[in-house]
Amino acid sequence: MTKLMRELIERLEALPDAEQDALAREFLSVLEGEVYVLTPEQEEEVRKALEDGEPNASPQEVEAFFARFRG
């Protein structure tokens, strides 16, 4: 295992269980080839959300966001 992967796992372990599960589902979907390509409009939406100073999304909000992109 690489140093970067160890760091990632340590940081994930510090998160609440629900957030760990939400991220694990997303990581597994990438490993299984379910890569999502955002449109320019979606990229802009993400950029604005990251820059607006609001708190991070809850696990439910993360799931709802990614559910929009699943077939």
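The values are calculated or read from the model by the stated rules, or taken from the named source; none is laboratory data. Note that the structure is a prediction, hence the values are computed from the model and not measured. Cβ placement follows ideal geometry from the backbone for every residue including glycine, while neighbour counts extend to all protein chains displayed. Side chains are part of the model used for accessible areas, which takes the heavy atoms of the whole protein and leaves out ligands, DNA and RNA. Shrake-Rupley method; radii C 1.70, N 1.55, O 1.52, S 1.80 Å.
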With the full set of protein chains in place, find how many percent of the accessible area of the chain is carbon and sulfur; take the probe as 1.4 Å. 58 percent
The size of the Cβ-based charge dipole (Lys, Arg +1; Asp, Glu -1) of the chain about the Cα centre, to the nearest 20 debye, is 260 debye
May I ask which residue of 33, 46, 66 lies farthest towards the positive end of the charge dipole of the chain, with charges of +1 (Lys, Arg) and -1 (Asp, Glu) on Cβ and the Cα centre as origin? 33
Could you work out the helix-only [θ] at 222 nm for the chain, with each DSSP H run of four or more residues adding -39,500 (n - 2.57) and the total divided by the number of residues, to the nearest 500 deg cm²/dmol? -20500 deg cm²/dmol
Solvent-accessible heavy-atom area per residue, rounded to whole Å², over the chain at 1.4 Å: 85 Å²
Projected area, mean over directions - the stretch 15-60, Cα convex hull, nm²: 4.0 nm²
As an exercise, identify the trypsin sites (Lys or Arg not before Pro) in the chain lying in DSSP coil whose Cβ has no more than 10 other Cβ atoms within 10 Å. 68, 70
Under the rule that an exposed site lies in a DSSP loop and has at most 13 other Cβ atoms within 10 Å, name the longest stretch of the chain with no GluC sites (Glu not before Pro) of that kind, not counting the sites themselves. 35-71
If the elastic network links every pair of Cα atoms under 10 Å, which of 14, 57, 22 fluctuates the most in the Gaussian network model of the chain? 14
